[in-house]
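Below is one structure, written out as structure tokens; the observations come after it.
Please treat every number below as a calculation from the coordinates, not as lab data. Everything numeric here is computed off the predicted structure, so don't read it as measured data. Neighbour counts run over all protein chains shown; Cβ positions are idealised from the backbone, glycine included.
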Amino acid sequence: EAAVTQSPRNKVAVTGGKVTLSCNQTNNHNNMYWYRQDTGHGLRLIHYSYGAGSTEKGDIPDGYKASRPSQENFSLILELATPSQTSVYFCASGDRGQAPLFGEGTRLSVL
Amino acid sequence: QQKVQQSPESLIVPEGGMASLNCTSSDRNVDYFWWYRQHSGKSPKMLMSIFSNGEKEEGRFTVHLNKASLHTSLHIRDSQPSDSALYLCAASTTNAYKVIFGKGTHLHVLP
């Protein structure tokens, strides 16, 4: 069964700290995405990747880095976390022309 | 920057009524539209897709697409309280890897 797994599911971080959100997919999809969801903003694209070794900026990349070391794994890195990055983060995977399949989300609080 | 606009922001319908949701893309090259449903505290799940002009029906759900106006609409007949959720519209183009979402429509179905 197609699956996208995110870890951790919940995270509390301190301002200025480094945060890494991980995502693993077992679907052999080429494309992977990181979105954040805030009330009133829907889902906003942070970074995406079209294959191992590639990362591309989405619509709101500032303050975030991404890493795609393999087909299955895609990480989102906050080098210096700020309270404005408190949000729910979703990872998704898909192929071109296919609806992205979402993970269960990570709730991040930056204090 | 491609934008996806959804309306209305919020919609209240009585149980058994018809709900109509709208979505428009700003990108003339868009080829794929998807509708997702997201229940509170859960991840988005793809509900319906439409790629060609016309109409597609699946049970109580009907989706329309007018590619000339870049407009799609989702209609839910015989609405049920379990249909209460955030409905998200997503769009992508053949030549791009990224998938952009609108801010969503909150649907409330009153028993």
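In the stretch A:11-25, how many residues are in contact (Cβ under 8 Å) with a residue 60 or more places away in the chain, closer than 10 Å to residue A:77 by Cβ and surrounded by 12 or more Cβ atoms within 10 Å (Cβ to Cβ)?
Counting residues in the stretch A:11-25 that are in contact (Cβ under 8 Å) with a residue 60 or more places away in the chain, closer than 10 Å to residue A:77 by Cβ and surrounded by 12 or more Cβ atoms within 10 Å (Cβ to Cβ) gives 2.
Consider the stretch B:31-44. How many of its residues are within 26 Å of residue B:1 (Cβ to Cβ), more than 9 Å from chain A (Cβ to nearest Cβ) and either touching a residue at least 60 places away in the same chain (Cβ under 8 Å) or not aromatic (Phe, Trp, Tyr) (or both)?
Residues in the stretch B:31-44 being within 26 Å of residue B:1 (Cβ to Cβ), more than 9 Å from chain A (Cβ to nearest Cβ) and either touching a residue at least 60 places away in the same chain (Cβ under 8 Å) or not aromatic (Phe, Trp, Tyr) (or both): 1 in total.
Step by step: first the residues of the stretch B:45-61, then only those that are over 20 Å from residue B:92 (Cα atoms) and in contact (Cβ under 8 Å) with a residue 12 or more places away in the chain, then the one that is farthest from the other protein chains (Cβ to nearest Cβ). Which residue is that?
B:60
Residue under question is residue B:85, and the condition is that it be in contact (Cβ under 8 Å) with a residue 40 or more places away in the chain, touching a strand residue (DSSP E or B) at 6+ places or on another chain (Cβ under 8 Å), more than 26 Å from residue A:31 (Cα to Cα) and more than 9 Å from every other protein chain (Cβ to nearest Cβ); does it hold?
Yes, satisfied.
Taking residue B:28 as meeting all but one of (1) more than 14 Å from every other protein chain (Cβ to nearest Cβ); (2) in contact (Cβ under 8 Å) with a residue 60 or more places away in the chain, write down the number of the exception.
(2)
Being assigned to a strand (DSSP E or B) and under 13 Å from the mean Cα position of the chain (by Cα) is the filter; apply it to the stretch A:92-111 and report the residue that is nearest to the other protein chains (Cβ to nearest Cβ).
Top of the filtered list is A:102.
Grab the strands (runs of 3 or more DSSP E) fully contained in the stretch B:47-106, keeping just those with 3 or more residues being surrounded by 19 or more Cβ atoms within 10 Å (Cβ to Cβ).
Details: elements: B:54-58, B:61-66, B:71-76, B:85-93.
Hits in the stretch B:47-106: B:71-76, B:85-93.
Scan the stretch A:71-91 and tell me whether some residue there is surrounded by fewer than 19 Cβ atoms within 10 Å (Cβ to Cβ), in a loop (DSSP other than H, G, I, E, B), away from chain B (no Cβ under 14 Å) and among the hydrophobic types (A, V, I, L, M, F, W, C).
Scanning the stretch A:71-91, I find at least one residue that is surrounded by fewer than 19 Cβ atoms within 10 Å (Cβ to Cβ), in a loop (DSSP other than H, G, I, E, B), away from chain B (no Cβ under 14 Å) and among the hydrophobic types (A, V, I, L, M, F, W, C), so the answer is yes.
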